[in-house]
Amino acid sequence: MAPPQQSQRSPSPSQPSGKGEVSDLKSQLRQLAGSRAPGVDDSKRELFKKVISYMTIGIDVSPLFGEMVMCSAASDIVLKKMCYLYVGNYAKVNPDLALLTINFLQRDCKDEDPMIRGLALRSLCSLRVANLVEYLVGPLGSGLKDSNSYVRMVAVIGVLKLYHISASTCVDAEFPSTLKHLMLNDPDALVVANCLSALQEIWTLEASTAEEAAREREALLSKPVVYYFLNRIKEFSEWAQCLVLELAAKYVPSDSNEIFDIMNLLEDRLQHANGAVVLATTKVFLQLTLSMADVHQQVYERIKAPLLTLVSSGSPEQSYAVLSHLHLLVMRAPYIFSGDYKHFYCQYNEPSYVKKLKLEMLTAVANESNTYEIVTELCEYAANVDIPIARESIRAVGKIALQQYDVNAIVDRLLQFLEMEKDYVTAEALVLVKDLLRKYPQWSQDCIAVVGNISSKNVQEPKAKAALIWMLGEYSQDMQDAPYALESLVENWDEEHSPEVRLHLLTAVMKCFFKKPPETQKALGAALAAGLADYHQDVHDRALFYYRLLQYNVSVAERVVNPPKQAVSVFADTQSSEVKDRIFDEFNSLSVVYQKPSYMFTDKEHRGPFEFSDELGNLSIGAESADTVVPAQSVEANDKDLLLSTTEKEDGRDLGSNGSAYSAPSYSSAATSQSHEELALTNASVLGQAPASSFAIDDLLGLDFPVGGTAAAPPPPPPSLRLNPKAVLDPGTFQQKWRQLPISSSQEYSMSPQGVALLTSPNALLKHMKDISIHCIASGGQSPNFKYFFFAQKAEETSTFLVEYIINTSSAKSQIKIKADDQSSSEAFSTLFQSALSKFGSP
Amino acid sequence: MLQCIFLLSDSGEVMLEKQLTGHRVDRSICDWFWEQAVSQGDSFKQLPVVASPTHYLFQVFREGITFLACTQVEMPPLMGIEFLCRVADVLNDYLGGLNEDLIKDNFVIVYELLDEMIDNGFPLTTEPNILQEMIAPPNIVSKMLSVVTGNSSNVSDVLPGATASRVPWRTADAKYANNEVYVDLVEEMDAIISRDGVLVKCEINGEVQVNSHITGIPDLTLSFANPSILDDVRFHRCVRFRPWESHQVLSFVPPDGQFKLMSYRVRKLKSTPIYVKPQLTSDGGTCRVNVMVGIRNDPGKTIDSVTVQFILPPCVLSADLTSNHGTVNIFSDKTCTWSIGRIPKDKAPSMTGTLVLENGLERLHVFPTFRVGFRIMGVALSGLQIEKLDLLKSVPYRFYKGFRALTQAGEFEVRS
């Protein structure tokens, strides 16, 4: 009796050879099925092994289903295991035949050997055939009550499997509540841990439909449950410990004593041999202390050593995962790691993805005291065999130079690079020298002397060529032969494939013309002619524009093309702090490895348990306001909002990063769009303090945009929002609210220089804010980064506003994040807050 | 959590597939992965965490075998990677090595192990001691037993005692005729020596490995003479934290058999046992190489298995290298290995020769990094010393203690 499927199922084309052997096996199995001869078990075992090895290499052996089941009515446990494996693999495609196995599996579930009971139950639940669920309920029920913990442990996971096959059957049998009972009472830690993981999954999925499940899920995070798990944590296996720690990271303690208790209890977990446990503990510590700035910093100090050990011991794969997390922490608080810079030195045979992370960290931790050594180390990498890493390390040297420590020595190094006569080193160094000059124009003399010696023929890469041309144009007054160098470049116009280089060439020739008209005139004419004939639209347009500008008025043209420039103070950051914070919230997840928050790379349905806390937050608000719909929507809206703002920022960032690394003109356009963004956000109120960089516009794109002198916009009208001068909020409530509420407004703001100066006295800002009824609840940080948490309440009702304000005093850039009970008035509050900031420091 | 685990051979063939949840992962993911790996040159260069169009993949590469795990949900990446590393370690223990044939011959055991190590995508038991009680390793003893008793099952009939015992990592009823504990300090020295001979970085990663065979449930304490030199420590779960906090004493109930009690790190060491001085001088298209090796700080024991290895820069056309001690081999992938063995007392080993550079190249621009290997038995170079090892309660039997130490080079590199 061949199964009906056999005839329809054609063997897969890649494995044409399987068919004959399968029918061979079939007849052999059939012979053995009824036999009771001695030694029959051994021959059965050999056959089973063969079947499974076929299955493993991908030959379809499902036609043997019937025979396998017949043969498996044996007492031999290895035979049983192999049969379970086979059945588990093919039951889903052969639901009718799977019925055959139910019988013997159910019998095995009552075996006297707990190992067999457990294995049978596991296999039974792994069949995953929807119409067989009725047979699962009985064995699962008795499995959960089994006297042996191994069976109970299997049964708990079995319940979860049943839930995924048929949720209603699982809930109807009241398994979740049985699990809850087991979770809180079972003596065996593995059973308890499995209950926790099963219940988390079941209740999270149920919560969307059943209110009770939502409450239950919330109860998992209640104080008694979390404490129960934390107190037993040492009994759990290392993997279950990760699970408990994950739970603890979501728990919101009511006061600081509780926070310290939990941290004391968990401190030894940082010494655990399993890296996953260490990282999960780190996450708990970081999350718990978010609102306590100084303790948070101590946590960094405490977790530093364990993480550094994890990086240097263990396999390269583990090392990479830890390093990604360390990278995140280093970027957040580089000063804490500045003494450990040697840990980020690259080893010769590390994979390049590890080296790349390390280079970024070296760049971040550089400060006055260690710059010299770090740069020396980086320069050694420049001679590395691995060319991408050599390039990367030259860029790192440049970035450190832009952080303004010990520029003197670094400039020398960069100039040495230019003399190394390796094309990629020269190319990278040129780009860097250009950026350096934009920030420190005072170095132009030294650099120009070296750059002048470089023949443009030796530079092939477009970015480097563009940088060289930019410098030729910008500093043509100091370079004797700049006009002739440009002229020879113009002569080779047709061989220049990159439009970027041609655009730069046009601008450079123009600039040169204003400085040395007689020598450049010929080159300018040729360049404009070539530009007008160019097939590339942008090049053509720019040439035409220059041409008409010159026709109109030469001095106006000079003002447009070559205005006096102000040094760039800060280059655009590559990743918005919003995104960085979001990644930090998802510490110990894939987000960190990808350096992207999860909403950027996972489907919503797959986001898994990490969405948990957000949803929970908004659920408990729902309970307060007795309206579950509105907050949910607002979270959603906020989510979109966030997405929008980050994509916007990304646009700006793309341009910005381009510019900072390679091309001067396009950078200033990014600066423009940024200030544009700020304008739009803040209702023209910040125009007075618009970043100095917008004056540095030398790009034509910036022309259609009113900048500079026209900035005398009227100050915003006094806001109608009135705040309660005697507002009170205790830190616990603040922290809870901060976690629960979505961000209603997040903005960048440039502090006036007077304001920055005032910040050096610690309480100036706090007092200033208090005068307008915005109170500080916590503050901290080390120069140049400071962080403040403020709160305020409306005068007439108890609606609260929460503010996180982060400022970097060296760049005067700051970030404001506002969360509000009442979303509608957050805009007004934001305006109020910013106008308060703008008054800070002004007499 | 993890949805599926694949084991791939070094030709990309799927040797084993273990589906863990209801969401089946199609095998085609392995083909996708392998194409990526091939296009990247070799799979070691692949990131440990890869995003495929449908799944996130964790991969760990050991002895030519790729352990691949798939997931679709967000999870702690280190958990996935750690777990795969454990799987690799456990298989290595069980099969006495890792290679394609061993896995194919023993795939039933591999399936059984995976069955106990992970259920529904969540890791369960990964303690090798406990696993060995559930599934007997395919060693000679069990083969002999099966011949003698006629019972060839490698699954023990009883559940592991540890699952029920008070100390989850240990069976309650271990019995030995000879009670013994061996403690090994195994250290690896990582160092970077710069072009000018300056010791840029030198640190030691060490482990305390214990092999214990003691009857009953022993409670041991191990103390060091100078625990203050330890920079950071990590413990096996059996170590009690409080005694370490207060007196830097390791107090623990050991698992039965071999295990890693503790790992530690010692930073900022001042010197290395040997020196390696490479000199490269280029002139007119050739480069003269001279590498000298010698003892800098005599550790008091013999320094063994000294090797110096480097990769010739791509711009080198040919190399002619000879040494006055040991052998020099140049392989086709441009790796040069100079095996010195033991450093002789009477002369300083040196390797000399010339490299011929590519046409048109006057000087060498890319300088090779020399990687040094050595082994010193009987010394822990960090200076860590074990003071004593005691059994907490007096026991009726005799009890033998043994201590050893070993230091070898880890990432020891000398730049030129």
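Please treat every number below as a calculation from the coordinates, not as lab data. Here the structure is a predicted model, which means the values were calculated and not measured. When we count neighbours, we look across all protein chains shown, and the Cβ atoms used for this are built from the backbone with ideal geometry, even at glycine.
Taking a temperature of 4 °C and a viscosity of 1.567 mPa s, what whole-number D in µm²/s does Stokes-Einstein yield for region B:269-351 with Rh from Kirkwood over alpha carbon pairs?
92 µm²/s
Relative contact order, percent, of chain B when contacts are C-alpha pairs under 8 Å separated by at least 6 residues?
The value is 14 percent.
Using only the alpha-carbon atoms, what does region B:291-416 span along each of its principal axes? Please give whole angstrom values in decreasing order.
Principal-axis extents of region B:291-416 (Cα, largest first): 79, 30, 23 Å.
Take a quick pass over region A:4-210 and tell me how many lysine pairs come in under 17 angstrom between Cα atoms, counting only ones 8 or more apart or on separate chains.
16
Output the 0 to 90 degree angle, nearest 10, between the alpha-carbon long axis of helix B:28-39 and the longest principal axis computed from the alpha carbons of chain B.
20 degrees
Go through region A:63-118 and name the trypsin sites (Lys or Arg not before Pro) that are in a DSSP coil and have 15 or fewer other Cβ atoms within 10 Å of their Cβ.
A:K110
Please determine, in degrees from 0 to 90 and to the nearest 10, the orientation of helix B:107-117 with respect to the longest principal axis defined by the Cα atoms of chain B, where the helix direction is its Cα long axis.
Long axis of B:107-117 versus the principal axis of chain B: about 70 degrees.
Among the listed pairs A:K770/A:K819; A:K342/A:K439; A:K463/B:K334; A:K304/A:K737, give every one whose C-alpha distance is greater than 25 Å.
Table pairs above 25 Å Cα-Cα are A:K342/A:K439; A:K463/B:K334; A:K304/A:K737.
Checking the cross-link filter: which lysines have an alpha carbon closer than 23 Å to that of B:K345, excluding same-chain neighbours under 8 positions apart?
The reachable lysines, counting only those whose Cα sits under 23 Å from B:K345, are B:K277, B:K301.
Over all alpha-carbon pairs of region A:474-565, lay out the pair-distance distribution in 5 Å bins, whole %, shortest bin first.
3, 15, 28, 26, 19, 8, 1
Below 8 Å between Cα atoms, with a sequence gap of 6+, how large is the relative contact order for region A:453-509 in percent?
Dividing the mean separation by the residue count of region A:453-509 yields 45 percent.
As a test of understanding, state the convex hull volume per residue of region B:202-318 from its alpha carbons, in Å³.
For region B:202-318, the hull spanned by Cα atoms encloses 185 Å³ per residue.
Once the Cα atoms of helix B:77-95 and of chain B are each reduced to a long axis, what angle between those two axes, in degrees from 0 to 90 to the nearest 10, is obtained?
Rounded to the nearest ten degrees, it is 80.
Dividing the alpha-carbon Rg of chain B by 2.2 N^0.38 Å yields what?
Taking the Cα Rg and dividing by 2.2 N^0.38 Å, one obtains 1.17.
With N denoting the number of residues in region A:4-210, provide Rg(C-alpha) divided by 2.2 N^0.38 Å, to two decimal places.
1.12
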